[in-house]
Amino acid sequence: MRGGALALAAVPSFGLSAAACSPSGGKPPGTVATPAPGRLVFLAETCPTCHGHGREGTNTGPALDRLRRHWDEDTLVRFLHNPAAFKLLDPRLAALAQRYRSDMPPLFAADERRVRALARYLLQE
Ligand code: HEC
């Protein structure tokens, strides 16, 4: 005898909801330039959580604009790997950091080309 009802039937399926996450905004192909490789790195890492998807800043991280005034590509690459060290050396960064509750985390990307592409993207106005 196989008594008892199947109680596990109510597991929801999320299969369709993933389609709503497309970052392209539904624009027709050919009207928008392909995003810079560094922008794709920015979006793939945790950066937008604190700096915003358009680098506009959030309440956990500053806006990332006009960075050329403070950084060149090589220095920015080193900063991304070790922001805490730069905070000790640079009073501007120390003051900036005090406005936010969490620290800027180090980037552990293994592929140096990705980090360089990210730095180049950040230096674009
Ligand atoms: C947890 C929040 C957080 C995340 C995630 C984060 N940052 Fe930051 N970031 C900060 C804060 C806070 C500062 C201010 C300075 C500091 O704390 O070092 C900062 C500073 C910076 C600066 C220096 C800004 C200036 O005015 O010179 C750059 C560039 C930067 N972040 C890039 C990035 C990139 C690229 C990523 C992703 C790889 C990232 N951040 C991820 C919080 C974050």
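Since every read-out is calculated from the coordinates, none of them should be taken as a lab result. It should be emphasised that the depicted structure is a prediction, and the values quoted were computed from it without experimental measurement. Backbone-built Cβ (ideal geometry, glycine too); neighbour counts: all protein chains shown.
Round to the nearest 0.05 the FRET efficiency obtained for His53 and Leu89 when R0 = 22 Å and r is the Cβ-Cβ distance. Once the sixth-power term is evaluated, E becomes 0.15.
Between Arg78 and Arg66, residue separation times 0.36 nm minus the direct Cα-Cα distance comes to 2.5 nm.
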